[in-house]
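The values are calculated or read from the model by the stated rules, or taken from the named source; none is laboratory data. On a predicted model such as this, the values are computed, not experimentally measured, just so you know. Cβ coordinates were reconstructed from backbone atoms using ideal geometry, including for glycine residues, and neighbour counts include every protein chain displayed. Surface accessibility is based on the protein's heavy atoms, side chains included, excluding ligands, DNA and RNA. Shrake-Rupley method; radii C 1.70, N 1.55, O 1.52, S 1.80 Å.
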Amino acid sequence: MALDGIEKMKRNETGIEAVLGILRQRYGERFQTGQAIREQHGHTTTYIPGQAPDGVLFAEAAEDVQEAVRICSDHNVPVIPFGTGSSLEGHVNAPGGGVSVDLSRMNRILAVHAEDLDCTVEAGVTRTQLNDYLRDTGLFFPIDPGADASLGGMASTRASGTNAVRYGTMRDNVMSVSAVMPDGRLITTAKRARKSSAGYDLTRLLVGSEGTLGIITSLTLKLHGIPQAVSGGVCPFPTVEAACNAVIMTIQMGIPVARIELINGLGMKGINAYSKLDYPEGPCLFLEFHGSDAGVAEQAQMFAEIADEFGGGPFNWTSVAEERTKLWKARHDAYWSGLAMRPGAKALSTDVCVPISRLADCIVETEADIDEMKLIAPIVGHAGDGNFHVMVLVDIDDADEVTRTEEFVARLNMRAIAMDGTCTGEHGIGQGKMQFLTHELGPAVDYMRAVKQALDPKGIMNPGKIFSMKG
């Protein structure tokens with residue numbers, strides 16, 4: 001990843017000026033062009049510089065999104081969807097200017113079908129908002145990226161989280177979406193049936209498309225029953241390699257672990273300092289088991305035996321909800337604990353995913369690179385599915401350090417691809433990983449461009465993301 005590789009785009013000044021006037025007249029206070037609001041909607045939670053849109057529309061219904069897209073299409077002006085702004089690869093930036101469509105006010109839960117284990121929500125609903133609403137039904141939605149992201153944004157980036165090893169990712173849990181397409185039409189990609197052989201799978205096409213094919217306005221999601229019993233705990237290991245090997249054996253033995261998260265020694269130091277905890281400050285696994293009282297106890301005991309085989313332990317686990325909440329809050333705060341380790345630094349948070357059998361090799365080689373390049377970079381990972389994150393704390397004013405950081409990220413991504421993995425398990429491509437997509441998929445990217453050209457011939461939908469249309 002190199003900042004000079006981010007695609008430069010020409011602005012359509014005449015079209016932008018016309019669109020701003022039309023939207024200001026039509027939407028009044030719901031359309032804002034103030035500098036602070038524009039910068040907030042071009043903000044990125046990484047070191048990629050923000051690129052502000054020219055205006056921000058606060059949509060309150062799908063019809064607002066349709067109208068905005070039609071107006072922008074008429075004048076060849078970019079449209080950039082915005083959920084909560086928590087994505088990590090420059091997804092909400094506006095490299096060619098244009099209009100940011102903020103969906104945060106579209107936050108209604110439209111229907112819950114408890115008997116069918118599904119629900120339909122607007123795109124601005126966040127994951128915690130949905131689970132708070134569902135609490136009394138005995139159901140929950142399991143996908144939990146670290147941020148309290150909007151569900152539309154989570155679908156757009158094909159997000160994941162700590163529960164993915166048991167419950168899958170957004171790809172597995174989105175049954176249908178409604179989306180405004182580049183010509184302003186609103187489509188629904190599927191019904192609520194649990195399976196279908198009816199035509200192309202447009203749901204999967206839009207899930208993970210990062211707003212480049214359409215703007216998701218509502219989603220139908222799978223729900224799951226809240227387990228009868230939940231247990232969780234922390235287990236230290238002598239080395240990262242030992243922890244990874246314990247993860248591999250746990251998965252290969254078929255233990256139905258719900259969460260199995262890896263944090264390296266530096267990451268544990270940051271978590272302890274930020275969350276005021278006293279966990280061992282070496283490599284650790286955070287685990288959680290779901291099931292019956294007897295089942296979670298049996299699973300915890302089986303894992304403890306595996307950990308002991310690799311020199312890990314003791315595995316201290318608990319079924320007390322308050323203790324588990326403290327544990328997982330510390331894990332979800334890993335981004336902020338990382339930032340606190342080097343005040344004033346920018347965070348470059350990157351992720352890769354490899355086959356589970358290559359996880360130990362990939363992380364050990366990555367830690368060697370961090371040492372060689374003299375970087376400060378804690379590692380956390382959804383180890384159960386081979387996905388891990390590296391958060392490089394970089395001084396943007398130090399040109400040499402920026403160069404070393406970019407070389408490190410390039411090595412990491414190419415290493416994962418060489419191991420038959422992917423340059424991103426859940427962050428998405430955005431602007432930051434465009435150069436690695438072709439290395440990973442080769443000629444397949446040409447067919448992605450063909451789909452983009454067919455659906456969005458004017459190129460107005462979140463341009464400058466995933467791949468260049470220049471080939």
Checked Gly386, Gly432, Gly381 against criteria (touching a Pro at 6+ places or on another chain (Cβ under 8 Å), open to solvent by less than 10 Å² (accessible area, probe 1.4 Å) and at pLDDT below 95); the one match is Gly386
Being in a loop (DSSP other than H, G, I, E, B) and touching a His at 6+ places or on another chain (Cβ under 9 Å) narrows it down to one of Gly381, Gly459, Gly464, Gly428, so name that one.
-> Gly428
Only one residue in Thr217, Thr203, Thr188 is closer than 22 Å to Val125 by Cβ and either in contact with a helix residue (DSSP H, G or I) (Cβ under 8 Å, 6 or more places away or on another chain) or of a type outside the set (S, T, N, Q) (or both). Which one?
-> Thr217
Kindly provide the set of residues from segment 255-267 that are under 23 Å from Val230 (Cα atoms), of a type outside the set (Lys, Arg) and open to solvent by less than 50 Å² (accessible area, probe 1.4 Å), ordered by number.
-> Ile255, Val257, Ala258, Ile260, Glu261, Leu262, Ile263
Which members of segment 334-345 meet the condition of being touching a residue at least 12 places away in the same chain (Cβ under 8 Å) and open to solvent by 30 Å² or more (accessible area, probe 1.4 Å)?
-> Tyr335, Trp336, Leu339, Ala340, Met341, Arg342, Gly344
Considering each residue of segment 89-115, count those that are open to solvent by 10 Å² or more (accessible area, probe 1.4 Å) and in contact with a His (Cβ under 7 Å, 6 or more places away or on another chain), and give that number.
-> 1
Is segment 398-417 home to any residue that is closer than 19 Å to Val165 by Cβ and not small (Gly, Ala, Ser)?
-> no
Taking only pairs six or more apart or across chains, which ones have beta-carbon atoms under 6 Å, a first residue in segment 395-416 that is open to solvent by 30 Å² or more (accessible area, probe 1.4 Å) and part of a helix (DSSP H, G or I), and a second residue that is among the aliphatic types (A, V, I, L, M) and at pLDDT 95 or above?
-> Arg404/Met373
Check on Asp420, assigned to a loop (DSSP other than H, G, I, E, B), acidic (Asp, Glu) and open to solvent by 20 Å² or more (accessible area, probe 1.4 Å) | yes
Checked segment 168-187 for anything buried (at least 22 other Cβ atoms within 10 Å of the Cβ), within 30 Å of Ala258 (Cβ to Cβ) and without any contact (Cβ under 8 Å) to a residue 40 or more places away in the chain; matches are Met170
Given (1) surrounded by fewer than 23 Cβ atoms within 10 Å (Cβ to Cβ); (2) more than 25 Å from Ile363 (Cα to Cα), number of the condition Val296 does not satisfy | (1)
Just for segment 41-84: of the residues that are assigned to a loop (DSSP other than H, G, I, E, B) and among the acidic types (Asp, Glu), which one is surrounded by the most Cβ atoms within 10 Å (Cβ to Cβ)?
-> Asp54
Kindly check whether there is at least one residue in segment 433-456 that is in a loop (DSSP other than H, G, I, E, B), in contact with a strand residue (DSSP E or B) (Cβ under 6 Å, 6 or more places away or on another chain) and touching a residue at least 40 places away in the same chain (Cβ under 8 Å).
-> no
